[in-house]
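A quick write-up on the structure given underneath.
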């Protein structure tokens, strides 16, 4: 009896020992030289696997960076800090990534706009846009079903009582998933450090009366901003005023002149606060 | 020689391990989304099966039987198969990295692939000699490869076919396998 037990243990141990030796030998023989930089880069990445860089996850991106196929600035989640670390690992200069955040170019809250009627279809922005064109009379407006909030992986977007998604700029990493998701394409990525004025309206209609009818806070194409800007930094492009940030001095004249208050200062009105409502009161005062 | 051919054909067609005996279904369903991948998996399994047979048959007959340790065969065979899979993994990682990353979890899972363990046990229970065992293991693993390629080809067509929603995914694959099985029953009269 005891003999069987001893034989069992002895034989298993001997066999396992030889297999272990053989495997150790083969693992040396078939060793794959792996660039240690890949692991180093991978360690420096945030690991969100969001795919905003355009590569399949953080693993794919770290391999591309380590082999020099991708720039070190692609990771929007890590922002400039990660880009600097990656540049240091790779030993290259100029790792400053643009740290960007998403901004909603629409102020069409439910009490500021006119809806076409009662929509009772599938409650997503995409479905509403497909079936009705737009649930509000403004064809460029936020549909308000929160498709963007559902794709956000960083808890940076939330639908609030005014029926608009609000960006939490502390959490937003600028990955751009919401920008991709929005069927109206009214979310845009803006550098976090940008200063100057921005128009929070996407209405491209050039007919003034139609905008006044549809929205209380829409751009009515009066072009007062264009005329009043002392730097000549504002031009009308496709029916919407666009600020040239190389010229803009943040004087705030356009914000004061705008009759529907759709012009805002990025540094104070947009990034300075999390809620839009008190901003409007400030602007009016 | 006739005997060996008979064993080989029986294992390959009449008693096809996947289609007629429904073993090794995990990797059969998991690795057949692409014909190229399924061929790679088939050859990896072939390699491991044949080597496992060549290793386990002498261990059983020259060590376990004389020592009266035949009850150890499950443990020892799994140990041998696992280390062979490890060897294949080293090799693929070095020489075929594309296939290595495509196989993902299914490569380590060859370790627990029941087809391989079944072959090594059956070589013992069918009382085959060494040469017959090798012929049998080659037949079984090529049969596995054949089944994989057949299903992978069907799946590529399935991608564009209107499969009813309640059958999408694994159910339709099992139904396709059953239909292939009916066709394979035609081979049952092949060898007397």
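Among the residues of the stretch A:163-217, write down those that are in contact with a helix residue (DSSP H, G or I) (Cβ under 7 Å, 6 or more places away or on another chain), in a loop (DSSP other than H, G, I, E, B) and more than 24 Å from residue A:73 (Cα to Cα).
Of everything in the stretch A:163-217, those that are in contact with a helix residue (DSSP H, G or I) (Cβ under 7 Å, 6 or more places away or on another chain), in a loop (DSSP other than H, G, I, E, B) and more than 24 Å from residue A:73 (Cα to Cα) turn out to be A:182, A:183, A:184, A:196, A:203, A:205.
Among A:121, A:68, which is the only one that is at positive phi and either in the same structural domain as residue A:242 (by TED's automatic domain parsing) or in a loop (DSSP other than H, G, I, E, B) (or both)?
A:68
Against the condition modelled with pLDDT of 85 or more, outside the structural domain of residue A:176 (by TED's automatic domain parsing) and more than 30 Å from residue B:96 (Cβ to Cβ), how does residue A:13 come out, does it pass?
yes
Anything in the stretch A:245-275 that is touching a helix residue (DSSP H, G or I) at 6+ places or on another chain (Cβ under 9 Å), in contact (Cβ under 8 Å) with a residue 60 or more places away in the chain and part of a helix (DSSP H, G or I)? List them, or say none.
Of everything in the stretch A:245-275, just one residue is touching a helix residue (DSSP H, G or I) at 6+ places or on another chain (Cβ under 9 Å), in contact (Cβ under 8 Å) with a residue 60 or more places away in the chain and part of a helix (DSSP H, G or I), namely A:270.
Does the stretch A:85-94 include one or more residues that are surrounded by 15 or more Cβ atoms within 10 Å (Cβ to Cβ), away from chain B (no Cβ under 14 Å), at pLDDT 80 or above and under 30 Å from residue A:140 (Cβ atoms)?
For the stretch A:85-94, residues surrounded by 15 or more Cβ atoms within 10 Å (Cβ to Cβ), away from chain B (no Cβ under 14 Å), at pLDDT 80 or above and under 30 Å from residue A:140 (Cβ atoms): absent.
Any idea how many residues of the stretch A:3-37 are surrounded by 13 or more Cβ atoms within 10 Å (Cβ to Cβ) and more than 13 Å from chain B (Cβ to nearest Cβ)?
Qualifying residue count, the stretch A:3-37: 1.
Taking the condition closer than 27 Å to residue A:199 by Cα and away from every other protein chain (no Cβ under 14 Å), does residue A:41 pass?
no
For the stretch A:135-189, enumerate the residues that are without any contact (Cβ under 8 Å) to a residue 12 or more places away in the chain and buried (at least 21 other Cβ atoms within 10 Å of the Cβ).
Correct list: empty.
Report, by residue number, each residue of the stretch A:40-56 that is in contact with a helix residue (DSSP H, G or I) (Cβ under 8 Å, 6 or more places away or on another chain) and in a helix (DSSP H, G or I).
Residues satisfying the conditions are A:40, A:41, A:42, A:44.
Which of (1) under 22 Å from residue A:171 (Cα atoms); (2) exposed (fewer than 12 other Cβ atoms within 10 Å of the Cβ); (3) assigned by TED's automatic domain parsing to the domain that holds residue A:149 is the odd one out, the single condition residue A:54 does not satisfy?
Every listed condition holds for residue A:54 apart from (3).
Looking only at the stretch A:190-213, decide whether some residue is more than 24 Å from the chain's Cα centre (by Cα), crowded, with 18+ Cβ neighbours inside 10 Å and closer than 22 Å to residue A:115 by Cβ. Walk me through it before giving the result.
The initial filter retains those residues of the stretch A:190-213 that are more than 24 Å from the chain's Cα centre (by Cα), namely A:205-213.
Next, from what is left, pick out any that are crowded, with 18+ Cβ neighbours inside 10 Å: A:205, A:211.
If we keep only those that are closer than 22 Å to residue A:115 by Cβ as well, we get A:205, A:211.
Yes, because at least one residue in the stretch A:190-213 is more than 24 Å from the chain's Cα centre (by Cα), crowded, with 18+ Cβ neighbours inside 10 Å and closer than 22 Å to residue A:115 by Cβ.
The values are calculated or read from the model by the stated rules, or taken from the named source; none is laboratory data. Computed from a predicted structure; not experimentally measured. Don't worry about glycine lacking a Cβ; one is built from the backbone with ideal geometry, like all the others, and counts go over all protein chains shown.
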